[in-house]
Structures are given as structure tokens and as C-alpha cells.
1. Is there a residue in the range 78-90 that is farther than 30 Å from Ser28 by Cβ, at pLDDT 85 or above, surrounded by fewer than 14 Cβ atoms within 10 Å (Cβ to Cβ) and of a type outside the set (Asp, Glu)?
2. Within the range 65-97, track down each residue that is closer than 29 Å to Thr43 by Cβ and hydroxyl-bearing (Ser, Thr, Tyr).
3. Can you pull out the residues in the range 77-111 that are free of Cβ contacts under 8 Å to residues at least 24 places away in the same chain and touching a Pro at 6+ places or on another chain (Cβ under 9 Å)?
4. Tell me the residue from Lys19, Lys48, Lys58, Lys41 that is surrounded by 13 or more Cβ atoms within 10 Å (Cβ to Cβ) and at pLDDT 75 or above, please.
5. With Gly9, Gly108 as the choices, which residue is modelled with pLDDT of 80 or more, more than 22 Å from the chain's Cα centre (by Cα) and of a type outside the set (A, V, I, L, M)?
6. Where residues in the range 22-38 are of a type in the set (Ser, Thr, Tyr) and exposed (fewer than 10 other Cβ atoms within 10 Å of the Cβ), which of them is modelled with the lowest pLDDT?
7. Can you report the number of residues in the range 94-108 which are surrounded by 14 or more Cβ atoms within 10 Å (Cβ to Cβ) and touching a Leu at 6+ places or on another chain (Cβ under 7 Å)?
8. Inside the range 65-77, can you point out the residues that are over 15 Å from the mean Cα position of the chain (by Cα) and at pLDDT 80 or above?
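The values are calculated or read from the model by the stated rules, or taken from the named source; none is laboratory data. For clarity, every value in this text was computed on a predicted model and none was experimentally measured. Quick reminder, even Gly has a Cβ in these numbers, built from the backbone with ideal geometry, and neighbours come from all protein chains shown.
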Amino acid sequence: MTATPHNVGLHPDDCFGCKAATVSVAASSMPTRSEAASIEKNTAVMHKDAAAYKRLRKDGLQPKSVKGAASLEKRAGSKWEVETGINLGGNAKLGARYDSAQASVNAGETL
């Protein structure tokens, strides 16, 4: 083995080799080589979904999942749509009928 300044401890305090050995590059600085861009996008979507889920829960509704709660909040026209996650295509009359039927079933009535 050959003696180098690093092996014998004779290198100066401002040694470039030591400084270069401690350099690291964050993944977010190379968005085309990492998942950083998609992670940031997914994080923004998760924050929107969490906020929508909290609003729906505050209104007394129980969505099936936090994931997709923002889009569910936008398109749902009835309590039944929110709780089942089934899209009725904006048909408010049908949603109201499902809500009343669900209320009757929960009250113990027969249809």
C-alpha cells in the first residue's frame, strides 16, 4: 500500500478530497432522474383529499376513503353517493330517492 496524505494524516485542513467526499446531491435537484416531481404532486393531492374528507366528516357524511375525497366532494349530489362512492352522474332526483330509501332502511322500515 502506498502512503498518501490521507493515510498518514498529513493533509491540510482545507483538503479538497475530504470536502468532495462529503458532497451529496438531493433527489429533488434532479427531477428527471427521481420520483421527486411525482411525490410533490401526490403530496398536494393528498392534502386536498384530507381537507375534503374533514369537511365531509364535519357535515356528518362518511366517505369510504380519504383517497379521492376531493373529487367525490365535487361530484356527489347526495349523502348516498358520498357514503357508497357510487357516482349517479349528477342525477339529484335519483340521489334524493336513494337517500330517502336509505333513511327508511336505517329506521327499520320495509320498502
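1. Among the residues of the range 78-90, not one is farther than 30 Å from Ser28 by Cβ, at pLDDT 85 or above, surrounded by fewer than 14 Cβ atoms within 10 Å (Cβ to Cβ) and of a type outside the set (Asp, Glu), which makes the answer no.
2. Within the range 65-97, Ser65, Ser71, Thr84 meet the criteria.
3. Glu83, Gly85 - these are the residues of the range 77-111 that are free of Cβ contacts under 8 Å to residues at least 24 places away in the same chain and touching a Pro at 6+ places or on another chain (Cβ under 9 Å).
4. Lys48
5. Gly108
6. Among residues in the range 22-38 that are of a type in the set (Ser, Thr, Tyr) and exposed (fewer than 10 other Cβ atoms within 10 Å of the Cβ), the one modelled with the lowest pLDDT is Thr32.
7. Going through the range 94-108 one residue at a time, the tally reaches 2.
8. Scanning the range 65-77 gives Glu73, Lys74, Arg75, Ala76.
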